[in-house]
Structure formats: structure tokens, C-alpha cells
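Structure in C-alpha cells, see below.
Bear in mind that the values in this text are calculations on the coordinates, not laboratory data. These figures come from a predicted structure and were not determined experimentally. Backbone-built Cβ (ideal geometry, glycine too); neighbour counts: all protein chains shown.
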């Protein structure tokens, strides 16, 4: 039985990998239909088998499945293995990842149907771009599964970087666009900054535990908690704090926490299906997953937890503000993702790992839904992404409209919807937390509720209600010369079906799992919390089932804040539509600050990118060219050349130099030995 | 059946004699010469395979040994043998030689037979360097090997080839002369040129330090280590593609091999005394050169600087042993550093070779190495773009490619020595990705930059084959490096034990 499950695990990762290889290498031969069929079958197999594992690990509660597949290498007595650990945490991730991925695969058939239009005529790269896209998203699914199913840090890092690679390839998918290749390079490099910390964290783990195997490390964690390390003379740091902060730096990159958030908004250059899959539902939550996975380590460092709380809180609130002024539909959702990732991070910092992971799950559903719905709108608007040129679309695309509304209601935490349960849980957990920084974090997540509701419904009203602004004027970039307005229409079933399929868990997944995941012991031994940090345990005492929570939800501050946000959005964008411009004019300074994204990009471009190039030029021109070459090498070359010229009539050619140098060297060395000896 | 053959002699002399035959054939018919060269290269590669399959992974002792007195008066012997450090490097050499011969097939129009012959002879001599167990024999191969490289750059090189060869010459000869002095001094003390005897020879600290410095000059130039690295970018820029490939893939490894074969075991106490110097130079190579690579305009220069930066990991991994012992109280981890260095050497052979071949593919078509002359190559050469991105990712140390393994192991090991060593070494994650992928962005992505780029033809079958084979190897060693590690383990363990014992 267990052997069979081992094979199931291998099949789960192998199926999408195989699909990716076939679609990628033989895309020309099998054609578009062949490529999407083979990859969809691969991911569907992975999804169904993940359900098998879910059944075994969660429903049957038959214990975790952990096994090694092969030995990657053995060095210095340490064995690095490739292996799988399927416990309640990873199996939940597997189901979410493969489900969302499957939906995105289906959706892509519709979204990329006319991809040839995005490529210059005769472009070789554009020839099989459709097949390549499917290959990439299947490869992503494989990588993400390797990440969540890893049973050791090495493989975790493999998956971590592999998803980064696919993200790089997909952000830059339309590689003729300069903005896309700028965004993918930026995404990769900013992630590498995070990985820099992450890798050092792994090195620290190996140093103090002499293994990279999860189980062995977590079992020994308690014994190492009093160790200290001196990073520079005279200071002492707790080893656990150093390890945890280094690992968390990795999470900051991948999960786009301030100040490493800058890559995520730009990643919207990629096609919308991957914005949903990679940059909203799954990859960006890898950091959250990782910290939850490492809970036995993070529990041992309150310093690290406080750090996480504060970083998460800043991200949750301040990235939300940026969502308010965006006009590009995808960017609103992108900033919303940043803000929600901040919520999850705050939960981790408050030791409410289960709440963070629970929000990860509900968020995966409703955010993938919102992104795919945004994509559906973009298709209907003929690749228009500016919300100021939309409006009134609810008449033309009812399925997209309703599902978007569901997604938005879930996002703002309307009582009863999935997002309500997970978000409320986080807010309550932070409220109960005693860690330094919890007060600040509580304020941020509470204020964030208003902001979330405001930008979400600003988007909703601008897109689906109000005046049909796409009928106004012939917008400047309509270069085709035809003035007839494209009549928006509902998108094909391959697009709407995934919307519906994602809308269902966006409503139900919260109420279904709040009891187990939020307050019960759903994750079992996968997540460990010390008694003094157990905020969810405290909250459980006042918990009386999902209905009680919903009813109570109408009485709490978050509900009224969310309602206020929705009403404000309605007032400003439906009722008194001239007011936003007035506010903007009055608060020009604030608007500019937000428009410039707190000047983070400008600063990074100037300081890091420009600074690095400056240092490079300096070291090259002054160090290499002038000092080493100019003074030392060419100087001696000139000397030798001069000597050679003097005696060239005696002997010529390189042989002479050789002999000359040899004799000189011999004399010098013998002299040294005589003096020393 | 292979056990009785003098395999090491065969992998040394087959390409040398074959090279001479190619030279002879070349005067009659160029095609005949090329086919002969390919057959010789393939034969050498096949002859080197039993070195792996017949290798005993349970012992640190020298294997496949051959011994014949040569110059009895000075007790110089023709003494060959390999262990887990040298055997993989010989395989790397024979493998890369086959690719280089194929890569030069249609590209070299000027004296193709001589070109092929030079590479074959060079391969034999480099195998000699790796297989020699007699210090004088080593030295002879070491110096002789430079001559074909010298000729390759001087004859088939670019416009500034005279400057480049001069620089190459000055650096390498000056360096190796000091090594010769050190070897002679040790012979006078011990009466033996046998490398293994020198390993066992007790030497005082001052003498050790002088010997170490003499070796350092010879080996540091070859690696090359900062600040004696500036010959490399010039040599690469002027060298033909095949020359660059051999230079990067194999020649740089000779210096690193020298540290493992000579410096560490012969002068362990000096290595311990001066490890701060080696570590500092290694870290400077990683960080300083990483920044320099970032601003290069010439693709070959960029990859050359990237090589120097990657070789910094090799020397770092080798010299952290005593810092680990000082920091943690045991040598555990030192082996990982050295093994990581070895893996990095092999992997860098594949990746840098592949990167130079990629640049060669572009250069053959457009006759420019300037990044600015390209852009949007993916539209006209999609297959090439796929390979280029793969090798670039390997160069940036992506897990799953061989480029990750060595860096990973060295960073893990250097953390045990000192947090800041690991910190500085790990900056390569950012810098390596920055310079490599920025180049990819400017060359491969974007809109088609010019009519010349628009007219580019994608890889032909020959190019596809070479890059495809390299891609498979890079992925294989990235996904399953265990076989490589299994081969070198006993040797490295033995070396670490040897290093831990003072010779004073």
C-alpha cells in the first residue's frame, strides 16, 4: 500500500513534467490541440492523484507519506536526497496547486487562442508559442509540486528556483516587448536577492544540524535553541533568529514582501493566465508555505516572528494604498495580491500559521478567479486593460460579472464567503498576539480591510457598472482605422467554465474548513506552535461553528470597515463621479507619492542597478585596465619589449623571452632560498 | 580486456600522434584531415571511458599506474597514474576535444588540418598534465601544452592576437618558472621527483611558505585568480571559438588541479598559514569580477570575466578547511568544500564551453561579439535562443543544472568557516544572474535589432548536436551529481586527512 503511494507521489510530479517536455520539445509536431491535450491530461492526472493522497492523508487520516526517491549526492558524510513528504500541509497545497493549474490550463485554450497576433510576422519564436506556453505552465506545475512536496531543504530550494525560472520565462513570454523583458529580468534578480538570504539560511541549517532533512532538523530544533553565533566581534545572535530571518528573506522575495515587492506589479507583463496561476494563487504563496513548513524553527525565535509581523503589516496596508490609484485592471489585482500576501505574512508572524495557510488556500481560489475574470474582461475589450475605458460590462458578460462579484465579495471578507473566514481569523489572531509589533500589525490589517474593500469595488464599479465608456471617442491607439466600437461579448466556455469552477470554492471553501483548519488540528504535526504563542488555541475557546462566526461577523469592526469601503467606492465612482478628480487635485502630493509607488522603483533603479554598473565600470576601468594592466602588466611588457629590442640583433622571438624569464626567475628563487635557508 | 592496456599512455599519445598524422594528411586533403581528426578525438574519448568504468571507487591510491625510468641520472621517471581528482578531468578533456573538433568543422577555413592537429596535440599534453605522477614529467607537459594554445591564438586569432599572446606568454611563463625552481629545490632536498614522495616529505615552515608562493604564482595565473587574471579576457577575445572553449573548459582547471596536487598536500602548513590570502583572493574574484562582468560590452569578455568569478568558488572551496577546523573544531565540511570545488571545475568546463560555443555560433554569422549589435535573436534563431537561455541559467547557478551543484556545496562549506565568507560568495546568486541574464535580454530578447539579425539562420545540425550534447550533460550532472561525487570521495577524504597533519 505504502509502496503504491510512493509511486503515486512520483506520478504526481512526473505527469506534468512529461506533458511539459512533450509540448515543449515536440510542439511543432503535435500541434496546438496536441499540446493542450497532453498538458491538460498531465495536470489532470496530477490533480486526481493529489486527491488520492488527500484522501489517504486527510480523510482516512492514515498518516504522512514520506520517502526518498533517489540520492542526489553524498558529500562529507552528508546525504542529499530527492524525496517527498506528503503530510496534511503539503497535500492541501498539492490539491490547491493542481486544481488552480488545471483551471488555468483550460482557460488558456481560450486566452491564447489568437496568440499569433502578439508576435511579429515571421518570428521563429512566435511559431509554436501556443504550445510553448502550455509547456511552461505544465513545467511550472511540476516545479511547484517539487517545492511543496519536498522533504528536505535542498529540494525545496530546487523547486523554489525552478518556479522562479518558469516565472521568468512567462513574464517575458512576449519577448519582443521591452517592458516584458525588463520585468522578467527584474523579477528574477529581486527574487535572487531573496534567494541569497534563503541559501545562507539553508547553509546555516546545515552547519548547526548537519542534515538538510526536514524531520531530522525539526526534531533537533529544540536542542539548538540556545546556541549563539557571533556575526561580528562583540555581538552575539541567537542561531535560531539568524536562521529564521535568513530563511524569511527568501520568503520576502518569493512572496513579494516590502521591500522586495517591486517585481510583482511589473510581472503583470506576462499573459493573464500566468498572473492568475503564478503571481497570485500559487508561486507567490511559496514563501508563506515555506514559513509554515518551518514553524518548528520559527517558533523558537520571537525576534524573527516580530520581524515577520512588521514586514507583513507594512505590506498589507501600504501595498493596498497603491491599489487605489491604479487604472490598469490587472495592476489593481496585483496590488491586491501584494496586500493579501501581507495578511498571510502577518498571520505567520503572529504564530497563527494555520490561519496564514488557510488564507493562502481561500485566496488562491478567489484571487485566481479575479485574475481570470480580469483576463476575460480583457479578451472582451480586445486587449484593453485601462478601466477608464470600460464600464457597464455586466450586461454583456453576465458570467464574468457574477463570478467577479463573488470574487470581490470573497476578497473583502463579506461574512459567509471564503475570504471572510480566513481574513477574520488573521485579524483576530493578530489582535490576540502578545509579540512585539502585534499592536502595529493589528492596526494595519484592520485599516487594510477598508482599503481592500475600497479598491476592489472601485474596480468592480468601474468595470461592470456605470457608463459604457468604451463607446466614448475613438481612443488614440486604435490604429486600425476602423471607428466602429467592438461590441463586448461574453467569452467562450473554456474561459467561463474555470471562472465558475473557481467561484464555487471562493464561496464554500471558507465555511467548510474553518473549523478544521482554523481552530481544529487539521495540519496535525505539520505545523507546530508553542503553547505561549498559540493564539488560535485561545480563539478556539470562543468559537461556536461557522454559522456563529458569520453571525458574529456582522457585528465586528472589519465588517463595518469593509462596508464603508464599498459605500465610499460607490459614492465616488457611481454617484459623484467628478469627486475623485477633485480629491486628486487637492491631494496632489499624496497622489504623486502613490503614483510613484513610494519611489521604490526609482530608488532601486538609481541605487542598485545604477550603483552596480557604476562599481563595475570603476573596478574595470580603474582596477583592471589602468592599475593591473596599465601599470603592472603592460609596464613589464614594455620593459621586456624594450630589453628585447635592445638585444634583438642577438636573438629574436619568443624563445628568448622564455629563456630570459626563466633565468631571471631561477636566480630570484635561489637567492630567496639562500637568504631564507 | 582494458585492464592490461596502458590506458593513460594511450589517452596521452593517441591524440599527439594522431595530431601529427593529421598534420601530415592536411597537406594533401583538408577533408581527409578533418575526418581523421574526428576519428582520433573519438578514439581518445572512447579510450578514456574505461578509466571511469574500471575505476576503483574504494581506494584513494593511484590507479592505472605506469612506470618507466626516463632520465635516471636525475631520477626523473615516466610515471603516470590517476585518482579521483585527475580522472574526471581527463574525461572532461577528451570529451571537450571531440566537441571542439566538430565545432571547428566548417568554420575554420584557414589551415583546418593544422587547427585540428593543434587541438589534438593540446589534448594529449593536457591529459599528460593530469596523469603525470612525476613532477618533472608534469612540468614538461605543463609547459609544452602552452605551445599549441599559443599557436591557436596566434594563427587563428582576432586582430589583436599578438598583444593577447604576448600577455598570455608573459603571465604564464613567469608564473611557471617559479614552480620549476621549487620543484628542483625539493628534488635537491629529497632526491625524488615523484609527486607522492613530495607529499610525504617533511619541510620546514619557511621553506613551505616559499614553495607555496612559487606554486601560487604558477597556478594562480592559470586559474586565473585576481589580480593576475587580466590575460584571460584578452586571450578569450582574440582566440577562435575552439581556443576559447579549451581555454575555459580545461586550461583554467590546470591551475586549480595544481593546488590540489601540489600546494595542499606538499605544503599543508604554508597553506594553513596563508589561507587568509587565498580566501581573500577568491572572494575578490567572486565579487569584484562579478561587478566587472556586469559592464562588459563584448560577449566573450563577459563570459571570460564570468569564468574568473566562477573559478573563485574553486579556490575558495579548496582553502577553507582550516577555517572550518578553527570555527567548528573539526575538519568536517572541508571535504565538501574541496568536492564542491571539483564539481565546480567540471561543471564550469561544460557551461563555459557551451557559452563560448553559443557566442561562436553568433560570431560565425554576424562577425561581431558586441552585445549592442544583437537583439531579438530569438525571432530568427529560436532553437539557438532556447539553448542560450538554458546555458545562461546554468551559468547563473540554477538548481537542476550542473552550475548549481558546485556553488551550493562551496557556499554550504564556507558557511562553516565564516558567515561572511558564505555571505560574499553567495552574492554570485545576484551578480551571476545579473550579468548573464542582462546579456541574454539584450541579445536574445526584444525586437529584431537590425537587418543583419533578421537574416540570421538558426542552428544547423552540427551546431545543434554540440549544444544538445552539452545541454544533456549540464542537466544530467545537475539532476544527478552523485556518480561524480562517488568517484572523488576516497581521494578527497584522503587529501583532507593528509592536510590535517602538520609536516613540521
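How much length, in nm to one decimal, is gained on full extension between residue A:540 and residue A:225, taken as 0.36 nm per residue of separation minus their Cα-Cα distance?
Stretched fully, the residue A:540-residue A:225 segment lengthens by 110.5 nm.
Shape call for chain B from the C-alpha gyration tensor, a ≥ b ≥ c root eigenvalues: rounded (a/c under 1.5), prolate (a/b greater than b/c) or oblate?
It comes out oblate by the Cα gyration axes.
How high is the relative contact order of segment A:137-258? Use alpha-carbon pairs under 8 Å, at least six apart in sequence, and give a whole percent.
24 percent.
Counting pairs of alpha carbon atoms under 8 Å apart in space and at least six apart in sequence, what relative contact order in percent does chain A give?
Answer for chain A is 12 percent.
How much FRET efficiency would the formula 1/(1 + (r/R0)^6) give for residue A:563 and residue A:606, where r is the Cβ-Cβ distance and R0 is 45 Å, rounded to 0.05?
Efficiency, from the Cβ-Cβ distance: 0.60.
Right, here's the next one. Give me the angle, in degrees from 0 to 90, between the Cα long axis of helix B:402-417 and the longest principal axis of the Cα atoms of chain B, rounded to the nearest 10.
40 degrees
Further question on the same structure: Can you compute the label reach from residue B:326? Point 7 Å from Cα along the Cβ direction, backbone N cut-off under 17 Å, restricted to segment B:398-420.
Once the point is set 7 Å along Cα→Cβ of residue B:326, B:414-420 turn out to lie under 17 Å by backbone N, inside segment B:398-420.
Another question, then. Between the alpha-carbon centers of segment A:297-354 and segment B:441-504, tell me the distance in whole angstrom.
Distance between centres, Cα-based: 39 Å.
Quick check: Cα centre of segment B:1-74 to Cα centre of segment A:11-89, how many Å?
If we compute the Cα centre of each part, the gap is 44 Å.
Given a Förster distance of 45 angstrom, what is the FRET efficiency for residue A:210 paired with residue B:367, based on the Cβ-Cβ distance and rounded to 0.05?
Rounded to the nearest 0.05, the efficiency is 0.25.
Additional query: Decide, for chain A, between rounded, prolate and oblate: order the square roots of the alpha carbon gyration tensor eigenvalues as a ≥ b ≥ c, take rounded if a/c falls under 1.5, and otherwise choose prolate if a/b is larger than b/c, else oblate.
prolate
Under a point spin-label approximation (7 Å from Cα along Cα-to-Cβ), what is the residue A:3-residue A:235 distance to one decimal in nm?
5.5 nm
Another question, then. Largest first and in whole Å, give the semi-axes of the protein assembly as shown's equivalent ellipsoid, each being the square root of 5 times a Cα gyration tensor eigenvalue.
57, 33, 26
Compute the FRET efficiency between residue A:494 and residue A:55 as 1/(1 + (r/R0)^6), taking r as their Cβ-Cβ distance and R0 = 35 Å, and round to the nearest 0.05.
0.75
Using 7 Å Cα-to-Cβ label points, what is the residue A:14/residue B:53 separation (nm, one decimal)?
2.7 nm
Shape verdict for segment B:306-375, please, from the Cα gyration tensor: rounded (a/c under 1.5), prolate (a/b greater than b/c) or oblate.
prolate
Here is a follow-up. Using 0.36 nm per residue of separation minus the Cα-Cα distance, give me the extension gain between residue B:147 and residue B:162 in nm, one decimal.
Gain on stretching residue B:147 to residue B:162: 4.0 nm.
State, to one decimal in nm, how far the label point of residue A:631 lies from the label point of residue A:388, with both points 7 Å from Cα in the Cβ direction.
Label-label distance for residue A:631 and residue A:388, simple model: 5.7 nm.
Also, quick follow-up: Take every Cα pair under 8 Å in segment A:72-154 that's 6+ residues apart, average their separations, divide by the length, and report that relative contact order as a whole percent.
50 percent
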